[in-house]
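Let me begin by presenting the structure, written as structure tokens, before commenting on it.
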Amino acid sequence: MSLFAENRRRLCERLRANSKLARNSIVVLQGGEQTQRYCTDTDQLFRQESFFHWSFGVTEAGCYGAIDVDTGKAIIFVPKLPDSYATWMGKIHSREHFKEKYAVNEVHYTCDIADVLSNMRPSTLLTLRGLNTDSGSTCREASFEGISQFQVNNTLLHPEIVECRLLKTDMELEVLRYTNRISSEAHKEIMKHVKPGKKEYEMESLFQHYCYTHGGMRHTSYTCICGSGNNSSVLHYGHAAAPNDKTIEDGDMCLFDMGGEYYCYSSDITCSFPANGKFTADQRAIYDAVLKSSRAVMAAVKPGVVWPDMHRLADRVHLEELTRIGILRGSVDDMMKVHLGAVFMPHGLGHLLGIDVHDVGGYPEGVDRIDAPGLKSLRTARLLQERMVLTIEPGIYFIDHLLDQALADPAQRCFINNETLQRFRGFGGVRIEDDIAVTASGMELLTCVPRTADQIETFMAEAHNSCKAFDHQASQKL
Ligand SMILES: [Mn+2]
């Protein structure tokens, strides 16, 4: 709860520094609501709304929260529950219970919100309205019966709370280290158990089981992407139309992008490795190229660095390495001019991470999206600052329709050695995704999984041998 108290303190401090803020302003946030599956009475698994979570850490649905900006006083409003709740859902807790649980100054019922707020005689209620620059959706502003009697400002709060969420406190960093540690261990569990013949969804299931059992993570941060073979080049594989249901085959590359979420704090990690534990020469070459760009970016990251420059750096390393492998030929500078990097890495290098896996704050006023292949997919174009948390996730993919497009474009075709490229059709892709925190002088790596090709082979071989030894022992006992 001190994590959320600190978040509220920072928000008030920031708001008080805003010259447009009127005295006696009160922030009013509305939490998420319990929803049902379509027209049925089956509850969806509730997950708190992110801004509300950041401010209060409240796990229950149907709540509101208020913060007196001048004094920092925090109030939570909880639903007054009917007696039948005690029959079906369990004990109805007192307001005192929630006051203690969430360490706030007062707790009232949501039905009394207008009265409670009006007794505080605020000059203005600050409600939250603003664009999520990743989804294009606007967040839902707090509303309640009786709000029309108040002076409401719905523009001041959003940019300020977003800037607060952008920079993580020590306590938030500690939670993000935890989500990364558990999710890293879960990925290692996958590397130990993967083998040709298993289904991709068995790996998804194992990841979720590990995160939930060992980390108390009921949610993952996003739908698991468990692509094997050519599926590893499908950037958002794992959705309902491609539900991780292929059989993993000998010779496949696996690209598993999965992250556990703890108390609404995310992780976002991708591991790529050969299903059978041994890289072919081509697989190793592509893997090493991606690792090289990942580590080049990590070496360059520090406060003041322009994020799109890191994307360009990764592109440059990829193009150099693809030339060395023989898939490309010619001047890398000239390739950069025609955005050839985006043929192999159509997505952005990485994104902000926090309570949302694509965390808010990517494009504040004054920071514009760059309209160029690859770069336009970046979820932020900001300068890096200490305490930002981001993913670094370069990848090289062999996506047929992008390759065909490039081959049909004279400006790009001239760099491609089509004969060598043929060998990589159907290869899939490699992505290496780590989570990092920007520090005063560089960065802290939050993710901890085997990363070099040798480390991966050794790790998978050891796991395989210990499994065999265990099987052998078990069969002897029988
Ligand atoms: Mn990511």
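The values are calculated or read from the model by the stated rules, or taken from the named source; none is laboratory data. What you are looking at is a predicted structure, and each value in this text was computed from that prediction instead of being measured. Methodologically, a virtual Cβ is constructed for each residue, glycine included, from the backbone with ideal geometry; neighbour enumeration extends over all protein chains shown. The accessibility values were calculated without ligands, DNA or RNA, using every heavy atom of the protein model including side chains. Shrake-Rupley method; radii C 1.70, N 1.55, O 1.52, S 1.80 Å.
Some values worked out for this structure:
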item	result
q = 0.10, 0.21, 0.23 Å⁻¹, the range 89-208: log10 I(q)/I(0) [Debye, one scatterer per Cα]	-0.63, -1.19, -1.22
Amide hydrogen neighbours beyond the local backbone of residue 219, cut-off 5 Å, H modeled	261
Highest-first arrangement of 102-108, 220-226, where packing means the average Cβ count within 10 Å	220-226, 102-108
Where trypsin sites (Lys or Arg not before Pro) fall in DSSP loop in the range 175-259, at most 16 other Cβ within 10 Å	198, 218
³J(HN,Hα) computed for each position of the range 228-238 - Karplus, 6.51 cos²θ - 1.76 cosθ + 1.60, integer Hz, glycine/proline x	10, x, 5, 4, 6, 9, 8, 4, 10, 4, x
Computed helical MRE - 222 nm, the chain, DSSP H runs ≥ 4 contributing -39500 (n - 2.57), nearest 500	-12000 deg cm²/dmol
Accessible heavy-atom area order of 467, 254, 39, highest first, probe of 1.4 Å	39, 467, 254
Interchain or long-range residues, amide H under 5 Å from residue 447's placed H	435
Euclidean distance between Cα centres, the range 387-432 to the range 283-343, Å	12 Å
Per residue solvent-accessible surface (Å²) - the range 148-304, probe of 1.4 Å	39 Å²
Length-normalised contact order for the range 127-171 - Cα pairs under 8 Å, 6+ apart - percent	41 percent
The chain - Rg and Dmax from Cα coordinates, angstrom	25.0, 79
Largest-first ordering by accessible area, 1.4 Å probe, given options 370, 399	370, 399
Cα centroid of the range 1-66 to Cα centroid of the range 203-250, whole Å	30 Å
Estimated dipole of the chain in Debye, rounded to 20 [Cβ of Lys and Arg +1, of Asp and Glu -1, Cα centre]	480 debye
Distance in nm between pseudo-label sites at residue 367 and residue 411 (7 Å out along the Cβ direction from Cα)	2.8 nm
Cα-centred dipole magnitude for the range 272-359, charges only on beta-carbon of K, R (+1) and D, E (-1), debye, nearest 20	280 debye
Distance histogram for the range 1-166 (every C-alpha pair counted, 5 angstrom bins, percent rounded to whole numbers)	1, 8, 17, 21, 21, 15, 9, 5, 2, 0, 0
Percent RCO, i.e. relative contact order, over the chain, from Cα pairs under 8 Å lying at least 6 residues apart	14 percent
Assigned charges on the beta-carbon of Lys, Arg, Asp, Glu; the range 51-183 dipole about Cα centre (debye)	260 debye
Per-residue ³J(HN,Hα) for the range 349-364, Karplus 6.51 cos²θ - 1.76 cosθ + 1.60, θ = phi - 60°, Hz, x for Gly and Pro	5, x, 8, 5, 9, x, 5, 9, 5, 9, 6, 6, x, x, 10, x
Length-normalised contact order for the range 1-166 - Cα pairs under 8 Å, 6+ apart - percent	25 percent
Local electrostatic count at residue 306 - Lys and Arg +1, Asp and Glu -1, tallied over other residues with Cβ under 15 Å	+3
Extreme residue, positive dipole direction of the range 170-470, given options 348, 263, 298 (C-beta unit charges)	298
For peptides 57-68, 376-387, 232-243, sequence by mean Cβ density within 10 Å, most packed first	57-68, 376-387, 232-243
Amide H contacts under 5 Å for residue 24, placed H, 5+ residues apart	70
In Hz, Karplus ³J(HN,Hα) per residue of the range 436-447 (6.51, -1.76, 1.60; θ = phi - 60°; x = Gly, Pro)	9, 10, 6, 10, 4, 10, x, 8, 10, 7, 8, 7
